[in-house]
1. Residue by residue through region 172-195, note down the ones that are closer than 15 Å to Ile135 by Cβ and not charged (D, E, K, R).
2. Kindly list the number of the only condition in (1) touching a helix residue (DSSP H, G or I) at 6+ places or on another chain (Cβ under 9 Å); (2) open to solvent by 60 Å² or more (accessible area, probe 1.4 Å); (3) within 25 Å of Val180 (Cα to Cα); (4) among the basic types (Lys, Arg) that fails for Arg93.
3. Please return the ranges of helices (runs of 4 or more DSSP H) entirely within region 85-178 where 2 or more residues are among the small types (Gly, Ala, Ser) and at negative phi.
4. Specify which of the listed residues (Arg5, Arg27) is touching a residue at least 60 places away in the same chain (Cβ under 8 Å), open to solvent by 20 Å² or more (accessible area, probe 1.4 Å), farther than 24 Å from Ala119 by Cβ and over 15 Å from the mean Cα position of the chain (by Cα).
5. Quick one: in region 57-73, which of the residues that are open to solvent by 20 Å² or more (accessible area, probe 1.4 Å), of a type in the set (Gly, Ala, Ser) and in contact (Cβ under 8 Å) with a residue 24 or more places away in the chain is farthest from Pro114 (Cα to Cα)?
6. From (1) assigned to a loop (DSSP other than H, G, I, E, B); (2) crowded, with 19+ Cβ neighbours inside 10 Å; (3) modelled with pLDDT under 95, pick out the condition that doesn't hold for Gln76.
7. In this structure, does Pro55 turn out to be more than 18 Å from Tyr186 (Cβ to Cβ) and either in a loop (DSSP other than H, G, I, E, B) or among the β-branched types (Val, Ile, Thr) (or both)?
8. Scan region 149-161 and give yes if some residue there is at pLDDT 95 or above and open to solvent by 10 Å² or more (accessible area, probe 1.4 Å), otherwise no.
Amino acid sequence: MDAQRQFFDARAHDWEARCYPPETRARLQAFLPSWQVEAGTHVLDLGTGPGVLLPYLAAYGVRVVAVDISMAMLQQAARKPMASELVQADAQRLPFVDATFHQVICFAAFPHFPDKAQAARECARVLRPGGSLVIAHLLSREELARHHGHHGAVAADVLPDAAAMEAVLAAAGLRLIELVDQPGRYLARARRESEPSYPS
């Protein structure tokens, strides 16, 4: 985890400029409607990085709490004019009470969580009943694995295959309702429909 945090801290200063040129931003803008963000809701942007999503979410009229493990990334996010609450935290130990959010959005971040099952349980815990989890990327699962493979600190950070993703979500109390995995796009949407149960 420390090596991973150092990887992102070292790249935070120009991450958004390098990774989100205009063409990529246009693809993100076109992708957003499929996430079904609803105005007036309370949204957790989990793994916000430099706050790439914040201006897009502001346009939906939602209240956003943005979380990242990298303080350097959060310092970049703090430069955005959007009034969002920024929190440094580990996705596997979220500092929020149960049933806080209507939606958890995990954009370009889920593969970086070392214990994905625990991260999914935390997402379910902080979601309200009926709330949704969105896991999204502007690459397919295969494309993402190749991309991460070029960087040693994140080379092993991959998305579970479809069956494993469904199982991870189900074990957390989340029902997978959509999974899209195609060139240039990955989307898993799941819904918390009942109280998840956790081992004591």
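The values are calculated or read from the model by the stated rules, or taken from the named source; none is laboratory data. Here the structure is a predicted model, which means the values were calculated and not measured. All Cβ positions, glycine included, derive from the backbone under ideal geometry; neighbour counts span all protein chains shown. Keep in mind that these areas ignore ligands, DNA and RNA; they rest on the heavy atoms of the full protein, side chains included. Shrake-Rupley method; radii C 1.70, N 1.55, O 1.52, S 1.80 Å.
1. Across region 172-195, the qualifying residues are Ala172, Leu174, Leu176, Ile177, Leu179, Val180, Gln182, Tyr186, Leu187, Ala188, Ala190.
2. (3)
3. Filter on region 85-178 gives 116-126, 162-171.
4. The unique qualifying residue is Arg27.
5. Out of the qualifying residues, it is Ala58.
6. If we test Gln76 against (1) assigned to a loop (DSSP other than H, G, I, E, B); (2) crowded, with 19+ Cβ neighbours inside 10 Å; (3) modelled with pLDDT under 95, just (1) comes out false.
7. The answer is no for Pro55.
8. yes
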